[in-house]
């Protein structure tokens, strides 16, 4: 690439709201009082269910949607207030990739990547080498003269990424860019985005409904539910100590640690009168993730621990584990205190008789 | 068949081709921009002008509702103004063009509306102006559809051109009526019909060939 380092731009949502007028005079609030700071050069994920408002929020960054209240600032410039030529200038600093790629079927790979440069009025003598660079960066040199219809989904998204980078943007928006791809291709596309973020230093803001995408590349995450941001922070913190129910439900899908059916069916929320077992979720984070804490619980304190399910994962380079265990109710309080003391998080899920 | 008849047939074919070609060119010249505008000027669209869109839409529909043979007669004063005369092959180009413009406009409008709205969004996100979006995205992407639409328009022009004998326009249709029907020469009628069938087939297969060549939306078997 000719431009070794583009300085990323920060994005600030300040009490952003979007209200639609519905037939009959009622208004629907797609977004309400959303405030979020996206640091320059970060990869930030916005996760939410469909209809939560994440797409509307993302599209405000390049002015495809306008807020009805509040401000959206990109690199200090107010996008919501910009119009005409000024808005088009801001848009050239904000690349975007899409779930369904949105490539021109009538243009070759090279032609698609050249489009934003033509739009920006770059002289054709400069377009050619620039396009060649971009094609090389996304690894499609052999396909430069082909049409999108002849390529796979992953290759199409690579064209989309190269096209989004053509004008040297400071921000890259990703609208469910991997949702139409198979898991393996998703990994290669995410790896490419990570490389681009590292090499070019541009800010990446992505929306997704898959927590796995957030885990794999985002340094920060915001959880959006019914038009409001319910939780946001560093990805590791959100994964290891989720506060909001929506976040937990997204996480339960990705961490893959679920109670086996035979336990789940018998689980009650009140402790049985006679002796039973307490079911606890233990989350290992940070330095303790690899410590053999459960073994110590049994050896040092003589508490029998029954492991029901578990997994150890990595977020960035930091490991974190999730175990579902059951212990006799009489000793469970003591055991939880011991684990908490050693920096583990515990959560009582219920009881089995 | 006499040499005289063969000459008549050749001449009539030439006249039909002349009328159809000129009307198709003029029809495209006016119909293409009109269709483009209709496809992009509803509320919230690229060239948003909802009122103009509505009025033009009404005019287009009105013109398309009038049966061609009535249109030919109804606009005789206008034809005389434009062509200097209301009778003859050249004069017939005026009603042919007027009937074709709204037809082509609707066909072009449909082809443009077929273009995936995601492409418009992607172009807007690049900072493209409405004119750039039309030139670099909508027209090239709609080209296969527009080509098929123009093919359809030319085929119906060949049909319309057979009716302009009513105002002294010549051509194959006129020859068929005057010789084949009024002078009871069924062989002339048969030859006229055969020539028309061949013309339509030719136009249709050339149109389809061009449309396939410019269509890159699907991989072709054996291609590349």
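Details
- Packing-based ranking, highest mean first, of B:137-147, A:22-32 given that Cβ atoms within 10 Å are counted: B:137-147, A:22-32
- Computed helical MRE - 222 nm, chain A, DSSP H runs ≥ 4 contributing -39500 (n - 2.57), nearest 500: -10000 deg cm²/dmol
- Between residue A:86 and residue B:135, the modelled label-to-label distance comes to 2.6 nm, taking each label 7 Å out from Cα in the direction of the beta carbon.
- Folded to 0 to 90 degrees: helix A:329-341 orientation relative to chain A principal axis, Cα: 50
- If R0 is 60 Å, the Cβ-Cβ spacing of residue A:122 and residue A:347 corresponds to a FRET efficiency of close to 0.60.
- Rounded FRET efficiency, nearest 0.05, which uses the C-beta distance separating residue A:77 from residue A:234 and R0 of 35 Å: 0.85
- Calculated FRET value between residue A:226 and residue A:265, using beta carbons and R₀ = 35 Å, to 0.05: 0.70
- From the alpha carbon centroid of segment A:307-353 to that of segment B:1-33 is 87 Å.
- Report note on the peptides A:122-134, B:8-20: ranked by the mean count of other C-beta atoms within 10 Å, highest first, their order is B:8-20, A:122-134.
- With a 10 Å cut-off around each Cβ of A:312-319, the average count of Cβ atoms from other chains is 0.
- For segment A:30-155: rounded, prolate or oblate by the Cα gyration tensor [a/c cutoff 1.5]: prolate
- For the peptide A:227-234, the mean number of other protein chain Cβ atoms found within 10 angstrom of a residue's Cβ is 0.
- Segment A:28-65 and segment A:223-263: distance between their alpha carbon centers, rounded to Å: 18
- Label zone at residue A:314 (point 7 Å along Cα-to-Cβ), backbone N below 20 Å, segment A:256-283: A:256-257
- Relative packing of B:180-193, A:325-338, A:207-220, which averages over residues the other C-beta atoms within 10 Å, highest first: A:207-220, A:325-338, B:180-193
- Alpha-carbon centroid distance for the pair segment B:170-187 / segment A:121-194, whole angstrom: 63
- Global geometry of the protein assembly as shown, whether rounded, prolate or oblate, following the gyration tensor of its Cα atoms and the 1.5 cut on a/c: prolate
- GNM on chain A, alpha-carbon springs under 10 angstrom: the most fluctuating residue among A:120, A:110, A:180 is A:120.
- To the nearest ten degrees, helix A:124-137 and the longest principal axis of the Cα atoms of chain A are 20 degrees apart.
- Candidates A:106, A:55, A:35, ranked by Gaussian network fluctuation over chain A, Cα under 10 Å, top entry: A:106
- Mean separation of Cα contacts under 8 Å (6+ apart) over length of chain A, as relative contact order %: 18
- Cα shape, segment A:295-353, gyration tensor, a/c 1.5 rule: prolate
- Per residue, the average separation of C-alpha pairs within less than 8 Å and at least 6 apart gives chain B a relative contact order of 26 percent.
- Counting Cβ atoms of other protein chains within 10 Å of each residue's Cβ and taking the mean over peptide B:111-123 gives 4.
- Gaussian network model of chain A, Cα within-10 Å springs - most flexible of A:45, A:276, A:168: A:276
- C-alpha long axis of helix B:139-161 to longest principal axis of chain B, angle in °: 20
- Segment A:256-352 - Rg and Dmax from Cα coordinates, angstrom: 13.3, 45
- Measure of compaction for segment B:3-214 (Cα Rg per 2.2 N^0.38 Å): 1.17
Here, each number is a calculation from the coordinates, and none is a lab measurement. Quick caveat, the model's predicted, so the values are computed rather than measured. Every residue, glycine as well, gets a Cβ built from its backbone with ideal geometry; the counts of neighbours run over all protein chains shown.
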